[in-house]
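Input: one structure, supplied below.
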Amino acid sequence: MKFLRFLLLFSIACIAITSCQKNEQQTVHEKIGKDTTSILDSLIIIRRDLHQYPEVAGNEKRTSQIIANYLTALGLEVKTGIAGYGVIGILEGNPTGKKIAWRADMDAIPSNFKDPVSFKSLNKGIQHGCGHDAHVTIGLGIAKILSMNIDSVDGTIYFIFQPEEETFKGAKNMVNSDFFSELELDEVYGLHITALPVGVIATKPNEVFAYQKRIQFNFDKELKEENISELYSKIRTKISRVKEKTSPWKTDLAFDPAIGITNPKTIFNDYLFMEENFILDSTETEYQLKSFLYETNNSNVNNLLPEIENIINSTTYRENYKTSFYIQENPTVLNDKNLTQAATSTLNLIYGDQTVQKDYGQIPYFNDDFYYFQQKTPGVYFLLGGSNNDKGIIAMNHAPNFQVDEKSIKTGVQVFSSLIIERSQNSQK
């Protein structure tokens, strides 16, 4: 009888402890929501300032100073001058825990596109037309929220503000820096503003974008330019692999709920195509045709050049053909499968089942050098919606009239602050 009473009391105690833990966790995330709301206006001021004073890759001096000053004011240890203008803020939580990094890129793009906002760029020919001003702001916001909730943070959190993403140099240079090589991170996270609706977060395991290759064909000068154009058209037609009556090269469709990346029937999950346009350079002895191709299937990438060569050799122009080779082969973002599942489950448990939607496709044209961090550390890259059709705001990166609904800043700060806190408390690696 005493034993049964003991079991009953023990069970009640376990239930009570579990309930308290759940309530404590929920209280933390409720506080994160309130804290995010309380700092949102100040974050928007920062974002708009960054938008007005954009700096291209390798010239992010002012941006890095703003970041360093903000992190220093929070009491973080701050490292500057990493791989150029890179900044890393270090937040120390409770002694036992993981080493987790949040990465934000900071550079702008050369652009003269129309910028419809009232706080448009004051630096002629330079714009934040890819959303990196919002990325920096979200990163600073997460640092602020975690500082405000430091008792709930275990381990060490590194806030990595990376220069030169647009040139695909910054991440690789930071990863190869002496300081970074000593960090031995357990996990790394990052995001990118996209044309998904504001409030939507999406991700997937493995490749997020298509493999992008820039290819060059060399022909002798006996071949006429119109013949080269004809041959290129034939190569494009024969090598293409797209679903019937679909156009995966139209990137705006990637965010269409009916056929875009968040739909299981997306048209962006199995394709190969070459761009319609190409560049034709000429030397004294040869023509050089240059173009991009996009392939979702990594196992097929190594077969593409031989396949193209076979197509050329089957034509009457084979005698004029010299060689073909890749002149640019950037890697693509590659999410860790297990960590993607864990992060998605964590956020859906906290904020609801559809907080993180599944991405079923791979977007062409876009890419991110976040991959270089993932080479060293398991990482997850999220797509964050920044569009609001009702307001006429379309966050289509590198496009005219690019805008970001600033509600996405709140979403990014709140949701990913919660993720980092939960992952810092999770002992499983």
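The numbers here are math on the coordinates, done by the rules we state, and not lab data. Everything numeric here is computed off the predicted structure, so don't read it as measured data. A quick note on method: Cβ atoms are made from the backbone with ideal geometry, for glycine too, and the neighbour counts reach across all protein chains shown.
Compute the length gained on full extension between THR237 and THR80: take 0.36 nm times their separation in residues and subtract their Cα-Cα distance, giving the result in nm to one decimal.
Working: separation 157, 0.36 × 157 = 56.52 nm, distance 4.97 nm.
Between THR237 and THR80, full extension yields 51.6 nm more.
Right, here's the next one. Please determine, in degrees from 0 to 90 and to the nearest 10, the orientation of helix 225-239 with respect to the longest principal axis defined by the Cα atoms of the chain, where the helix direction is its Cα long axis.
Taking the Cα atoms of the chain, the angle to 225-239 is about 50 degrees.
Please name whichever of ALA101, VAL413, PHE370 sits farthest to the positive end of the charge dipole of the chain, dipole taken about the Cα centre and charges placed at Cβ: Lys and Arg +1, Asp and Glu -1.
VAL413
Let me ask something else. Sort 45-53, 314-322 for me by packing, meaning the mean count of neighbouring Cβ atoms within 10 Å per residue, highest on top. Show your work: numbers first, answer last.
Values: 45-53: 18.8, 314-322: 13.9.
Sorting 45-53, 314-322 by mean packing, highest first, produces 45-53, 314-322.
Related question: May I ask which residue of PHE325, PHE273, SER291 lies farthest towards the positive end of the charge dipole of the stretch 211-328, with charges of +1 (Lys, Arg) and -1 (Asp, Glu) on Cβ and the Cα centre as origin?
Looking along the dipole axis, the top candidate is PHE273.
Continuing with the same structure: I want to make sure I understand the PRE zone here: with the label point 7 angstrom from the Cα of SER229 toward its beta carbon, which residues in the stretch 300-318 have backbone N atoms less than 13 Å away?
In the stretch 300-318, the label zone of SER229 (backbone N under 13 Å from the point 7 Å along Cα→Cβ) covers no residue.
Let me ask something additional. Would you mind checking which residues have amide H under 5 Å from GLN357's amide H? H placed 1.01 Å from N; only 5 or more apart, or other chain.
Hits under the 5 Å cutoff: ILE201, ALA202, THR203.
May I ask for the angle, rounded to the nearest 10°, between helix 132-148 and the longest principal axis of the chain, with both axes built from Cα atoms and the value confined to 0 to 90°?
Here the helix axis deviates by roughly 20 degrees.
Pick out, from ILE259, ILE67, ASN310, the residue whose Cα sits farthest towards the positive end of the charge dipole of the chain, with +1 on the Cβ of Lys and Arg and -1 on the Cβ of Asp and Glu.
ILE259
At a Förster radius of 45 Å, what calculated FRET efficiency corresponds to the Cβ-Cβ distance of TYR360 and THR283, to the nearest 0.05?
Details: r = 44 Å, r/R0 = 0.98.
For R0 = 45 Å, the calculated efficiency reads 0.50.
Continuing with this model, one more query. Can you work out the FRET efficiency for the pair LYS290 and ASP256, with r the C-beta to C-beta distance and R0 = 30 Å, to the nearest 0.05? Don't jump to the answer; show the numbers that get you there.
Values: r = 31 Å, r/R0 = 1.02.
The pair LYS290/ASP256 has a calculated efficiency of 0.45.
Related question: Treat every Asp and Glu Cβ in the stretch 210-296 as -1 and every Lys and Arg Cβ as +1, leave all other atoms uncharged, and give the resulting dipole magnitude about the Cα centre to the nearest 20 debye. Could the numbers behind the result be given before it?
Working: 13 positive and 15 negative charges, 99 e Å.
With Lys and Arg at +1 and Asp and Glu at -1, about 480 debye.
So for HIS128, HIS192, fewest C-beta neighbours within 10 Å to most, what's the order?
Working: HIS128 30, HIS192 25.
In order of increasing Cβ crowding within 10 Å: HIS192, HIS128.
Now for a separate question. For the chain, give the share of DSSP beta bridges that are antiparallel, in percent and rounded to the nearest 5; count only bridges with both residues there.
Numbers: 41 of 67 bridges.
Bridges in the chain that DSSP calls antiparallel: roughly 60 percent.
Which of the following values of Rg and Dmax of the Cα atoms in Å was calculated from the structure shown: (1) 19.5, 57; (2) 21.1, 66; (3) 24.4, 100?
(3)
Using a Förster radius of 35 Å, what is the FRET efficiency between LEU305 and GLN341 based on their Cβ-Cβ separation? Nearest 0.05, please. Present the calculation step by step, with values, prior to reporting the outcome.
Numbers: r = 35 Å, r/R0 = 1.00.
Using R0 = 35 Å, I get an efficiency of 0.50.
Taking springs between alpha-carbon atoms closer than 10 angstrom, which of GLY141, GLY84, GLY386 fluctuates most in the Gaussian network model of the chain?
GLY84
Which lysines, on any chain, are close to LYS407 with Cα under 25 Å apart, when same-chain ones fewer than 8 places away are left out?
LYS31, LYS34, LYS114, LYS120, LYS144, LYS204, LYS358, LYS391
Here's a follow-up. 5 Å is the cut-off here: which amide hydrogens, built 1.01 Å from N in the peptide plane, fall below it relative to GLN127, excluding neighbours closer than 5 in sequence?
Residues meeting the amide H criterion: ILE109, SER111.
When you count, for each residue, the other Cβ atoms within 10 Å and take the mean per peptide, how do 69-81, 393-405 rank with the highest first? Present the calculation step by step, with values, prior to reporting the outcome.
Numbers: 69-81: 16.2, 393-405: 19.6.
So the order, starting with the most tightly packed, is 393-405, 69-81.
Just subtract the alpha-carbon distance of ASN176 and ASN389 from 0.36 nm times their residue separation and send over the number in nm, one decimal.
Numbers: separation 213, 0.36 × 213 = 76.68 nm, distance 4.14 nm.
Difference between extended and current length: 72.5 nm.
Measure off 7 Å from each Cα along the Cα-to-Cβ vector at LEU349 and GLU275, then give the distance between these two points in nanometres to one decimal.
For LEU349 paired with GLU275, the spin-label model returns 4.4 nm.
With charges set only on the Cβ (+1 for Lys and Arg, -1 for Asp and Glu), what does the dipole of the chain come to about its Cα centre, in debye to the nearest 20?
Working: 43 positive and 52 negative charges, 230 e Å.
It comes to approximately 1100 debye.
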